[in-house]
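The values are calculated or read from the model by the stated rules, or taken from the named source; none is laboratory data. These figures come from a predicted structure and were not determined experimentally. Counting neighbours? That spans all protein chains shown, and the Cβs are built from the backbone with ideal geometry, glycine included. All accessible areas refer to the heavy atoms of the entire protein, side chains included, with ligands and DNA or RNA removed. Shrake-Rupley method; radii C 1.70, N 1.55, O 1.52, S 1.80 Å.
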Amino acid sequence: MIRAIAFLLIVARGARAEPPASTDDPTTTFLVSNNVQGAVYPVNSWHSECTASQYAESPCDCSGGAARRCTAFANRDPGVIAIDTGAHFFGSGLFFDAFSGAAGAEFFANSRYDAWCLHSVEFASADAARDRDTDPTGGAFLASLIDAATARNGSLPIATNLDVADDPHLAGRVAPYTIMGRVAILALLNADYTRARAPYYADRCIGHRRALVKALADIRGKPDVDLVVLVMYGVPAVDRADLGATTDAEAVSRLVEEFDEIDIVFTRTSELGTSSSTVDAVDVAWRRDWAGGRVALVATDALLHGVALARLTVHGGGPGG
């Protein structure tokens, strides 16, 4: 089980020292980005792209930016796992419109992420940039974006519940999970969010429970894994019904209660319910699985547009009360 978590929110103006480890349990540290949404340039406090003059006059009023992200990831300590939890390439700023994702993919590749997750926004980017005559599903464009983003390290994007085994574009380019030493990382794609821009791939999403049963059965066969991270943003209506839940927060709680292998869930503040606390600007809630193990729900809302990275140090992991 997880015994303790230490947070450090890294912003453009520097950061505080990380709290010391409080136990002798195994320790794993993550450096996390989320919802960058194509923000290659830094943004101001209103999340609008800083102009060149604004940045030159007061750079500390402009947060994030691809250059700072690349520097933070390049200078991370050995053993720190760099993960992007989705929605990286498309959604704001001018770079995607100008370069169709090529610039963002190059910066992403240079950051050398260890793991990254597909989000409905990635499928929206494919819908926005695809050739509608030759690429009706957006799969060919998304495949090219994945190839560019993985050019430096080959780490495939994760979508645990996306079945693309026979897809002409994404077969072999999307993984159900990634394993790094003692850590397994899974990600559930929200079919409801995906359907508006990529109905073909929304129809290839299998149920959350079914996807987790299959992936976790595979992971159980890997004896070194004792820390499981799940990324999910929003729960489709069909999965809420399958879990007997009426809200996303209730559905997330029921999933982590059922699957005692899960230790950490990266999600949104709205999925935490009412019993959450704030640690260094990151919202956190704790749940129990059916065996009594502690599960941390970590909201990544504060990372929007890359204004910050979260450094998360986990002490402990695996099953336990």
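General observations
- Among the residues of the stretch 136-150, just one is under 19 Å from the mean Cα position of the chain (by Cα) and open to solvent by 60 Å² or more (accessible area, probe 1.4 Å), namely Asp147.
- Filtered by the rule that a residue be in a loop (DSSP other than H, G, I, E, B) and free of Cβ contacts under 8 Å to residues at least 40 places away in the same chain, the stretch 160-183 gives Ala165, Asp166, Asp167, Pro168, His169, Leu170, Ala171, Gly172, Arg173.
- Residues considered: Val282, Val307, Val295. Of these, the only one that is of a type in the set (Val, Ile, Thr) and more than 30 Å from Tyr41 (Cα to Cα) is Val295.
- Among the residues listed as Phe99, Phe89, the single one being crowded, with 20+ Cβ neighbours inside 10 Å, at pLDDT below 85 and among the hydrophobic types (A, V, I, L, M, F, W, C): Phe89
- Among the numbered conditions (1) modelled with pLDDT of 95 or more; (2) touching an Asp or Glu at 6+ places or on another chain (Cβ under 9 Å); (3) of a type outside the set (A, V, I, L, M), the only one that Asp283 does not meet is (1).
- Qualifying positions in the stretch 46-86 - among the aromatic types (Phe, Trp, Tyr) and either modelled with pLDDT under 80 or open to solvent by less than 20 Å² (accessible area, probe 1.4 Å) (or both): Phe73
- Hits in the stretch 167-212 - residues which are small (Gly, Ala, Ser) and open to solvent by 10 Å² or more (accessible area, probe 1.4 Å): Ala171, Gly172, Ala175, Gly181, Ala191, Ala196, Gly207
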